[in-house]
1. Hey, could you check the stretch 1-47 for residues that are of a type in the set (Gly, Ala, Ser) and under 9 Å from the mean Cα position of the chain (by Cα) and say which is farthest from Arg87 (Cα to Cα)?
2. Would you pick out the residues in the stretch 53-93 that are more than 30 Å from Glu14 (Cβ to Cβ) and crowded, with 16+ Cβ neighbours inside 10 Å?
3. Taking the stated definitions as given, is Glu55 among the charged types (D, E, K, R) and under 21 Å from the mean Cα position of the chain (by Cα)?
Amino acid sequence: MNRFMIQQAQKLQEKLAKAQQELSKTTIEASSGGGAVKVTINGQQKIQSVKISPEVINPDDVELLEDLVLTAVGEAIAKSQELAAERLSGLTGGLKIPGLT
């Protein structure tokens, strides 16, 4: 590789690191059951919090609560992945780089 390519790769690496840091500070919220279960996640798909309304806690219907949590977590992860892909694709020129999105 020539020196120019190495410099370009280093600049890209710095930009990607900055974007990853910004994603770690970005939060996304998703909910299910009309807001009965809320999940907050960051742009790196790390769950920050799970909030459950007392009204949906029913010992006789645990499956409903499990489904609500699963749905909210799945939606939060999908939103976070979309955000990360959107922010990182601008830096990589649309290249699919393993481990980034």
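1. Result: Ser24.
2. Across the stretch 53-93, the qualifying residues are Val56, Leu65, Leu68, Val69, Thr71, Ala72, Val73, Glu75.
3. No: the conditions fail for Glu55.
Taken together, the values in this text are just the output of simple stated rules run on the coordinates, not laboratory data. Please read all numbers here as calculations on a predicted model, not as lab measurements. Don't worry about glycine lacking a Cβ; one is built from the backbone with ideal geometry, like all the others, and counts go over all protein chains shown.
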